[in-house]
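Data block below; observations after.
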Amino acid sequence: MRVVFFGSPAFAVPSLAAVAEHHDVVSVVTQPDRPAGRGAKLQPPAVKVLASELGLPILQPAKLRDGVVAKALASLAPDLFVVVAYGRILPPDLLAVPRLGPWNVHASILPKFRGAAPIQWAVIRGESETGVAIMRMEEGLDTGPIVALAREPIRASDTAGTLAVRLAPLGARLLVETLPNIAAETVSLQVQDHAAATLAPPLTKAHGQLDFRQPAHLVSAQARGVDPWPGATVFLNGEQAKVFFPTLVDGQGQPGEVLGLRAQGLAIACGAGVIAFSEIQLPGRKRMPAKALLAGHPIPTGTMLGQF
């Protein structure tokens, strides 16, 4: 089939590779290059890097609603669109272009976690499983009918980053298994239960601010769900520090009270239970194991971490 692929981050790379192996990718649409790193140098999206390696035509439009992109893609006579974590909503004139419709690989068990950050919110909300869904796109936000679904357990140690690494190839496999049925127009469309829908809005830096008045298992889920971005942050001596790799441990104390170093890391009391972080990053310093950092930068037992 003639396919236009929309995608941007690393999560979409396995799907592009799989589609390009089996079909004719006539264009890859991805986000514009963005400044990143200390030097704020322009960095291409991960999808652009792979598309360049494969010699595929690339579009990086700054906007989609002026009709220019729809006209350009219509001239390619695509059979279908494949959209994987592109990062922008496709307007109606674009959705109407492909002969067999636009199809999305979404990283949740729809209708749960519709929106931009389904992996992160599945971890933050303490879900025991998630998955990927292949959905025919329509104008609503992830409201279209589902044609395929694969499930994946969420491990107690999973961060949003580790979970995404497993879900990305799972989505790619499900996609290439489903495309022949889409081509044959033999897929069965399962309408979502809209009453059961939940939202997964984009994360902000504020979502990384931990509140130790919450139970330890919820603090852990939040810290893992915001890893790698924006990262879990705490107020220590008036400054923001980042903490990583939480583990639930025994103990008791006041919410936000530092209980000292354990084998699992720096222990901090929560509203119920205790959590230990194995790595810490102080402002302006490198991320380090808690034991190594505390050897040169002690955090006394009884220190109270500030509330946001």
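Summary of values
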item: Any hit, the stretch 14-30, residues being assigned by TED's automatic domain parsing to the domain that holds Glu127, more than 19 Å from the chain's Cα centre (by Cα) and of a type in the set (S, T, N, Q); result: yes
item: Residue in the stretch 165-184 that is farthest from Pro118 (Cα to Cα), counting only those that are hydrophobic (A, V, I, L, M, F, W, C) and buried (at least 21 other Cβ atoms within 10 Å of the Cβ); result: Ile182
item: Pro202 in contact with a His (Cβ under 9 Å, 6 or more places away or on another chain), over 30 Å from Asp79 (Cα atoms) and in a loop (DSSP other than H, G, I, E, B); result: no
item: Members of the stretch 95-109 found to be without any contact (Cβ under 8 Å) to a residue 40 or more places away in the chain and buried (at least 24 other Cβ atoms within 10 Å of the Cβ), listed by number; result: His106
item: Of all residues making up the stretch 227-251, the number that are part of a loop (DSSP other than H, G, I, E, B) and more than 18 Å from Pro283 (Cα to Cα); result: 2
item: Residues that are part of a strand (DSSP E or B) and more than 18 Å from Ala295 (Cα to Cα), drawn from the stretch 252-279; result: Glu257, Ala269, Ala272, Val274, Ile275
item: Residue that is farthest from Ala77 (Cα to Cα), among those in the stretch 18-42 that are in contact with a Lys or Arg (Cβ under 6 Å, 6 or more places away or on another chain) and not in a loop (DSSP other than H, G, I, E, B); result: Asp24
item: Filtered residue count, the stretch 242-285, keeping only those that are at pLDDT 95 or above, within 26 Å of the chain's Cα centre (by Cα) and on the phi < 0 side of the Ramachandran plot; result: 13
item: Residue in the stretch 110-126 that is on the phi > 0 side of the Ramachandran plot, buried (at least 17 other Cβ atoms within 10 Å of the Cβ) and of a type in the set (Phe, Trp, Tyr) present; result: yes
item: From Arg224, Arg262, residue being surrounded by 21 or more Cβ atoms within 10 Å (Cβ to Cβ), charged (D, E, K, R) and not assigned by TED's automatic domain parsing to the domain that holds Gly140; result: Arg224
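So that you can scan it fast, the table gives a plain yes or no per residue for (1) within 19 Å of Ala17 (Cα to Cα); (2) in contact with a strand residue (DSSP E or B) (Cβ under 9 Å, 6 or more places away or on another chain); (3) not assigned by TED's automatic domain parsing to the domain that holds Val187:
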| position | (1), (2), (3) |
| --- | --- |
| Pro91 | no, no, no |
| Leu100 | no, yes, no |
| Gly115 | no, yes, no |
| Arg136 | no, yes, no |
| Thr159 | no, yes, no |
| Gly171 | yes, yes, no |
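The values are calculated or read from the model by the stated rules, or taken from the named source; none is laboratory data. None of these values were measured; they are calculated from a predicted model. Cβ sites come from the backbone with ideal geometry, for glycine too, and all protein chains shown count toward neighbours.
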